Structures are given as C-alpha cells and as structure tokens.
1. Within the range 71-81, count every residue that is part of a loop (DSSP other than H, G, I, E, B), open to solvent by 40 Å² or more (accessible area, probe 1.4 Å) and closer than 16 Å to ASN96 by Cα.
2. Somewhere in the range 47-70, is a residue more than 28 Å from GLN107 (Cβ to Cβ), open to solvent by less than 40 Å² (accessible area, probe 1.4 Å) and not charged (D, E, K, R)?
3. When you scan the range 55-73, do you find a residue that is within 11 Å of the chain's Cα centre (by Cα) and under 14 Å from ALA23 (Cβ atoms), even just one?
4. Could you grab me the full set of residues in the range 82-106 that are in a loop (DSSP other than H, G, I, E, B) and either β-branched (Val, Ile, Thr) or under 21 Å from ASN32 (Cα atoms) (or both)?
5. Being under 24 Å from ASN83 (Cβ atoms) and either of a type in the set (Phe, Trp, Tyr) or open to solvent by 50 Å² or more (accessible area, probe 1.4 Å) (or both) is the filter here, so list the residues in the range 18-34 that pass it.
6. Could you please give the count of residues in the range 104-118 that are without any contact (Cβ under 8 Å) to a residue 60 or more places away in the chain and of a type in the set (S, T, N, Q)?
7. When you scan the range 82-118, how many residues do you find that are open to solvent by 10 Å² or more (accessible area, probe 1.4 Å), closer than 17 Å to GLY8 by Cβ and of a type in the set (A, V, I, L, M, F, W, C)?
8. Quick check on this structure: which one of GLY42, GLY26 is closer than 25 Å to LEU11 by Cα and either modelled with pLDDT of 95 or more or more than 14 Å from the chain's Cα centre (by Cα) (or both)?
Amino acid sequence: QVQLVESGGGLVQAGGSLRLSCAASGSILRINSMAWYRQAPGKERELVALITSGDNTNYADSAKGRFTISGNNAKTTVYLQMNSLKPEDTAVYYCNADLQRGPWGFQYNYWGQGTQVTVSS
C-alpha cells in the first residue's frame, strides 16, 4: 500500500508564510507527479501546484508568484512554500500522487488526509 502524510498546516496572519510537506511511503515503483490541491468550505477541490518527475511545475493563477512547489529527486517528499498568504487561501490542503507500483508498473492515484490552513485577516 501507499501512504501520503501531510504536515505543516496551521493558523497564520495575512501576509505570513507556511510550508507544507507531503511524504509518500510504501511500495512505489515510480512517482510521475505530485500535486497540492485545496478545498475551501462550500467550494470544489482545486489544483494549487503540481510538480512532475522531471521537475516541470504548474501553478494555479492564484498561486503564481506566491507559492513554490519543490521536492526531492524521487519526489517521495514534496513541499509547498506559501508566502504572502491571504484569507482566501484558507482551505484544507491535500497532497496528491500519480504513481506506478507493482511488478507491471500499473498507474495509481493517491490522496493524503489533508491539512488545514487558516489565514486570518
């Protein structure tokens, strides 16, 4: 099995920073990409940032210039550095992994349990 464990959420004032971490463990053959999503109350889950095994990155418009996604070479650990936080960034942040496992390298998608980020005004 595969587990994704997030950490680093919390309460911060507007303009502050937080760094989220996500650690993937288990029987993993290869991680193709890791991403951070968020879901605010009453809203749909949305992509915040994504990083591929080749270190290509993609950001939501709302995250560009403020958030940075990074990870180790194998992408078993990824980070989301969030600066200049705004109250509208308040949400549960989820780690997502697109990976291959098993002897035939089948592709799977996994989610973490989520970590709360609250930005006060």
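The values are calculated or read from the model by the stated rules, or taken from the named source; none is laboratory data. What you see is a predicted model; the values in this text were computed from it and never measured. Here the Cβ is made from the backbone with ideal geometry for all residues, glycine too, and neighbour counts use every protein chain on show. With ligands, DNA and RNA removed, areas are computed over all heavy atoms of the protein, side chains included. Shrake-Rupley method; radii C 1.70, N 1.55, O 1.52, S 1.80 Å.
1. Our first condition is that a residue be part of a loop (DSSP other than H, G, I, E, B); within the range 71-81, this holds for 72-76.
From the residues that got through so far, the ones that are open to solvent by 40 Å² or more (accessible area, probe 1.4 Å) too are 72-74, 76.
If we keep only those that are closer than 16 Å to ASN96 by Cα as well, we get 72, 74, 76.
Looking only at that region, the number is 3.
2. no
3. yes
4. Going through the range 82-106, the residues in a loop (DSSP other than H, G, I, E, B) turn out to be 83-86, 90, 102-105.
Passing the criteria: THR90, GLY102, PRO103, TRP104, GLY105.
5. Going residue by residue through the range 18-34, those that are under 24 Å from ASN83 (Cβ atoms) are 18-23, 33-34.
Listed by number, the list holds a single entry, ARG19.
6. Of the range 104-118, the ones without any contact (Cβ under 8 Å) to a residue 60 or more places away in the chain are 104, 106, 109.
Narrowing the set further to residues that are of a type in the set (S, T, N, Q) leaves 109.
Of the residues in the range 104-118, 1 are without any contact (Cβ under 8 Å) to a residue 60 or more places away in the chain and of a type in the set (S, T, N, Q).
7. Selection size over the range 82-118: 2.
8. On the way: GLY26 fails: closer than 25 Å to LEU11 by Cα.
Just a single option satisfies the conditions, and that option is GLY42.
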